[in-house]
Ligand code: DGL
């Protein structure tokens, strides 16, 4: 156990990553964590590859400067558009070659072959995640011998609904119903849906209202926490560097007051965040 404070960093463009954070602190409570939400620049889902990469790298650097040895991108858009460059180009070239950054797409995809019976899988995500084709590509890699059919639907209104706390509004249900109808119109044989955006579990009650019976929803929090536990077990050299006093810190690029109010609703406990500037 290190003497220094070396928390696990958890990053998202806004509040959505709290759905992953919740599971991390439930399943792995012994570690110290810092959550960073880039709420001021959210949503990322409609931004270009270059911009998402730039913002994500700034966030990761900020978390490194605060002592994180390991950062989880609890954001599909950042995982789709920035993770590979960060892992393959930035980390080896910078002064942080021994730090690690993990994403949420691969761990989610690994669950899919065990869930689908029809072999038809739906992916709901931001426009950025859908256009990146990350899910179809990763799914093709894990099941080369029995290819799965993957159909995607971008849901650009869902993140703003969450960020603006409009979950209970009648408009929210309209958008969700329409996107689900579109998805099943593309492929009625879908029996498994990946919620490929960490904001979407916050809309679960409404999503469930419009799902055909028997369809399985994969939301990422639990999966990511389980895979992180496994990763730390397989990488004791990283695990040993993570400090363990159960401390949680919260950072936001927006107003700390706003963050505390909404984060409390989404996380189910009091949060006292600090405002930070990135870049
Ligand atoms: N939670 C992010 C994700 O998983 C939301 C992206 C956004 O900011 O649009 O993709």
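Summary of values
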{"quantity": "Tabulated pairs, segment 264-277, first free of Cβ contacts under 8 Å to residues at least 60 places away in the same chain, second in a loop (DSSP other than H, G, I, E, B), C-beta under 8 angstrom, 6+ apart or interchain", "calculated": "264/270; 264/271; 275/253; 275/254; 275/255; 277/253"}
{"quantity": "Residue, surrounded by the fewest Cβ atoms within 10 Å (Cβ to Cβ), within segment 181-198, restricted to residues that are more than 11 Å from residue 120 (Cβ to Cβ) and in contact with a helix residue (DSSP H, G or I) (Cβ under 7 Å, 6 or more places away or on another chain)", "calculated": "195"}
{"quantity": "Segment 128-152: number of residues that are assigned to a helix (DSSP H, G or I) and crowded, with 17+ Cβ neighbours inside 10 Å", "calculated": "9"}
{"quantity": "Check on residue 56, within 14 Å of the ligand (Cβ to nearest atom) and in a helix (DSSP H, G or I)", "calculated": "yes"}
{"quantity": "Residue in segment 72-81 that is more than 11 Å from the ligand (Cβ to nearest atom) and either within 22 Å of residue 267 (Cα to Cα) or more than 13 Å from the chain's Cα centre (by Cα) (or both) present", "calculated": "yes"}
{"quantity": "Residues located in segment 241-263, provided they are loosely packed, with under 13 Cβ neighbours inside 10 Å and touching a residue at least 40 places away in the same chain (Cβ under 8 Å)", "calculated": "245, 246, 247"}
{"quantity": "Close pairs from segment 66-80: first under 13 Å from residue 36 (Cα atoms) and in contact (Cβ under 8 Å) with a residue 24 or more places away in the chain, partner more than 16 Å from the ligand (Cβ to nearest atom) and assigned to a helix (DSSP H, G or I), Cβ under 6 Å, at least 6 apart", "calculated": "71/63"}
{"quantity": "Residue match in segment 231-244 (condition: closer than 24 Å to residue 134 by Cα and not in a loop (DSSP other than H, G, I, E, B))", "calculated": "yes"}
{"quantity": "Among (1) away from the ligand (no atom under 15 Å from the Cβ); (2) modelled with pLDDT of 95 or more; (3) surrounded by fewer than 19 Cβ atoms within 10 Å (Cβ to Cβ); (4) at negative phi - the single one residue 93 does not satisfy", "calculated": "(2)"}
{"quantity": "Residue 108 being farther than 26 Å from residue 39 by Cβ and either in contact (Cβ under 8 Å) with a residue 12 or more places away in the chain or not in a helix (DSSP H, G or I) (or both)", "calculated": "no"}
{"quantity": "Segment 264-275, subset in a helix (DSSP H, G or I) and touching a helix residue (DSSP H, G or I) at 6+ places or on another chain (Cβ under 6 Å), residue surrounded by the fewest Cβ atoms within 10 Å (Cβ to Cβ)", "calculated": "267"}
{"quantity": "Matching option when the condition is part of a loop (DSSP other than H, G, I, E, B), farther than 23 Å from residue 256 by Cα and either more than 12 Å from the ligand (Cβ to nearest atom) or touching a residue at least 12 places away in the same chain (Cβ under 8 Å) (or both), among 44, 31", "calculated": "31"}
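The values are calculated or read from the model by the stated rules, or taken from the named source; none is laboratory data. Everything numeric here is computed off the predicted structure, so don't read it as measured data. Neighbour counts run over all protein chains shown; Cβ positions are idealised from the backbone, glycine included.
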